Amino acid sequence: MSLIQFLRMLAARRSIIWATLIACFFTATAAAFLLPPRFEAKNRVLFDLTRPDPMTGQLLATNAVGNYIATQLKLITDIQTIGPVVDKLGWAADPAVQARFDAAGAPGGDIREWLAEQIIDQTEARFAETSNIIEIRYRGADPVSSQRIAEAIREAFLQQNRDSRQNNAQRGAATYAEQARNALAQLREAEEARTAYAKENGIVLQAGDVDLESAKLAALSAQSTAPVAAQMAAPPSPARMQLEGLKQQIAQAQQTLGPNHPTYQALLRQKESLEAEAARGGGGMIGGTSRAEIEASYQTQKARVLAQADKIDKLNQMQQDILVRREAYVKLAARAEELAGQAKLSVSNMEPLGNTSLPAKPAWPNKPLIMGGSVALGLVLGILLALLVELLARRVRSDEDLEYASGVPVLAIVGSRRATDGLAARLINFIDRKGADRRRALAEG
């Protein structure tokens, strides 16, 4: 079928197209004026993604923002959010509403859920992609009730968000508190095991968890390594002064007297006596104890410590384990206390933005849109209906139709009579002239 044949059919069946278009237009217009109006109230919610999660204490990952927002949009129209709205409005206790519920064919069912579904059907939640704002819209039968229900939906959604975060904090606090109790029990077990091991091996622990034998060894080491400069800075004793003078006399006597001379022998005996007196006076003494005695005590204590080095090492390992367990317990207890504090607070990462609007005019039905859409729909349905009627009762309306029906070319048209009135007639005449020009070109060719 060519375009010319298609246009001829539409021109011939134009009455069907016009009738369908007018019928659709008047039907849609009547429906637009007869349908009850619906008023749309809307409000907005601003949410903050910079607040950390109460359980993990971490911020929301960038790749999870989309899923989080989609979840929040779903929660706005969920039964757990709309159910409290029904309770606040008190519809379930209204006898008239109960009668409508029974008349709907669901007696004995859950009227609260039934009413919530009706509110959900008229509720829409949108997200502005260029901002952190959620817009909640509700359509109702009158402006005041629409505004009241839209505000109740927003309050229920915000309360649900606060309750969710509070419950998460409570569960987190309970979890961390249980872990802290377990860590404390393990810490006490480790401390008891260390104490028992020290008692079994005769190890005495002092303040700072240092064993007594190691403390003694450290003290002896400090005594044996007393600063020599401090001793040299002290004033010389009288015995040392006499000893220095005696050494000079012995040096002179050695040059003038022989080694067996009685005077020389007396000087040597006097030197030995002065050296012993000088040693007793502090030259080789530390706190009343000679260096030799301190060194001997140090070596003895060192051998004693080395003999039980393996036990001390194990005790030190047990002490390190205690320190690790104590640190873990402190962290868990602090986190449990922090979450318990959050659970007591009613915090949320969302807050209302502005007031709920009071609709001034109906948002539905949109009369201009309905009437414009009815014209387009009527035109399409009219064309389809005209084509259907034409195909069911096909007629020869032009030489192209005759060629199509007979399968042979049309050479000439005799006695052609063309109408000249009306837009459709002029369109048909234009199509016919185009067809005649085409046939003339074929004949000349």
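The values are calculated or read from the model by the stated rules, or taken from the named source; none is laboratory data. These numbers were taken from a predicted model, which means no experiment stands behind them. Heads up, the Cβs are rebuilt from the backbone with ideal geometry, glycines too, and the neighbour counts pull from every protein chain shown.
Numbers below:
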{"read-out": "Candidates ALA412, ALA405 - the one that is part of a helix (DSSP H, G or I), more than 30 Å from VAL144 (Cβ to Cβ) and modelled with pLDDT under 75", "value": "ALA405"}
{"read-out": "Criterion (within 33 Å of the chain's Cα centre (by Cα) and surrounded by fewer than 14 Cβ atoms within 10 Å (Cβ to Cβ)) met by exactly one of GLU151, GLU178, GLU192", "value": "GLU178"}
{"read-out": "Odd one out for LYS311, checked against (1) modelled with pLDDT of 75 or more; (2) surrounded by 14 or more Cβ atoms within 10 Å (Cβ to Cβ); (3) farther than 24 Å from ASN201 by Cα", "value": "(3)"}
{"read-out": "Residue within region 128-140 that is more than 19 Å from LEU75 (Cα to Cα), touching a residue at least 40 places away in the same chain (Cβ under 8 Å) and assigned to a strand (DSSP E or B) present", "value": "yes"}
{"read-out": "Criterion violated by CYS24 - all others in (1) closer than 24 Å to PHE157 by Cβ; (2) at pLDDT 90 or above satisfied", "value": "(1)"}
{"read-out": "Matching entry among LEU388, LEU345, LEU381 (being exposed (fewer than 13 other Cβ atoms within 10 Å of the Cβ) and farther than 30 Å from ASN161 by Cβ)", "value": "LEU388"}
